[in-house]
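Peer 1: Let me give you the structure first, and then I'll get to my questions.
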Amino acid sequence: MSEVTSATSDVSAPHVLAARLRLSMVHLSRQLRRMDPSELTITQFSALATVVRNGPLGVGHLAEIEGLPSPAATRLADRLEEAGLIARRANPADRRGVQLMATTAGTELLTRRAQVGNAWLAGHLSALNKADRLALERAVTLLESFATECKDGTPATTAEHHHSKETRT
């Protein structure tokens, strides 16, 4: 057996595990999206969640958090405002600027989607034995650290993630 064949058959090899993880996350995301289909794109949903979680905030700050150029964030805010999910208000600290804030409809949409998706996931998780749930809890902690990248683009370590999680609560 060649070294390449051996490496590709090792299910714990980083590149094999990465491919499986990425694909399973895509499928899981699609499944969760089917639980509560809305007219929002994933980008719009992410921006709405950012405004709900961090708002009120300026369009520039939304662009920074979402990793978008400012013109794209402005168009995104326009679409969410047209849908009645966010509103613009004058920035009390800068009369020339505006802040984005979630409307009741926007907050309710986000809450409803979270409840539906969480209930679906909880149903699947309740079928697992305790050892599998603990293994999944550890995996989720690692995935959360991947999603919390450092400024230089490298993933935060698990210890850094726990520290930042503790300081947020």
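Peer 1: State which residue pairs qualify: first residue on the phi < 0 side of the Ramachandran plot and inside region 132-159, second residue modelled with pLDDT of 95 or more and outside any helix (DSSP H, G or I) in any location, beta carbons under 8 Å apart, and separation of 6 or more residues or different chains.
Peer 2: LEU136/LEU128
Peer 1: Right, here's the next one. Residue check, LEU40 against (1) over 14 Å from ALA87 (Cα atoms); (2) modelled with pLDDT of 90 or more, all met but one. Which one?
Peer 2: Single failed check for LEU40: (2).
Peer 1: Then there is this: Quick check on ALA63: is it buried (at least 17 other Cβ atoms within 10 Å of the Cβ) and small (Gly, Ala, Ser)?
Peer 2: yes
Peer 1: Are any of the residues in region 13-33 under 26 Å from ASN118 (Cα atoms), modelled with pLDDT under 85 and not aromatic (Phe, Trp, Tyr)?
Peer 2: There is at least one residue in region 13-33 that is under 26 Å from ASN118 (Cα atoms), modelled with pLDDT under 85 and not aromatic (Phe, Trp, Tyr).
Peer 1: Given the options LEU109, LEU48, name the one that is modelled with pLDDT under 95, surrounded by 17 or more Cβ atoms within 10 Å (Cβ to Cβ), within 21 Å of SER29 (Cα to Cα) and under 20 Å from the mean Cα position of the chain (by Cα).
Peer 2: On inspection, the qualifying residue turns out to be LEU109.
Peer 1: Moving on. Restricting attention to region 37-94, and to residues there that are polar (S, T, N, Q) and in a helix (DSSP H, G or I), which single residue is farthest from VAL116 (Cα to Cα)?
Peer 2: SER70
Peer 1: All but one of (1) hydroxyl-bearing (Ser, Thr, Tyr); (2) at pLDDT below 90; (3) closer than 30 Å to ARG75 by Cα hold for THR104; state the number of the condition that does not hold.
Peer 2: Here THR104 meets the rest and fails (2).
Peer 1: Hey, another quick one. When you go through (1) of a type in the set (Lys, Arg); (2) loosely packed, with under 11 Cβ neighbours inside 10 Å; (3) under 18 Å from the mean Cα position of the chain (by Cα) one by one for LYS130, which number turns out not to apply?
Peer 2: In the conditions (1) of a type in the set (Lys, Arg); (2) loosely packed, with under 11 Cβ neighbours inside 10 Å; (3) under 18 Å from the mean Cα position of the chain (by Cα), LYS130 misses (3) alone.
Peer 1: Can you tell me which residue within region 51-77, out of those that are more than 17 Å from the chain's Cα centre (by Cα) and small (Gly, Ala, Ser), is farthest from ALA93 (Cα to Cα)?
Peer 2: Among them, the one singled out is ALA72.
The values are calculated or read from the model by the stated rules, or taken from the named source; none is laboratory data. Just so it is clear, the structure is predicted and the values come from calculations on it, not from any experiment. Backbone-built Cβ (ideal geometry, glycine too); neighbour counts: all protein chains shown.
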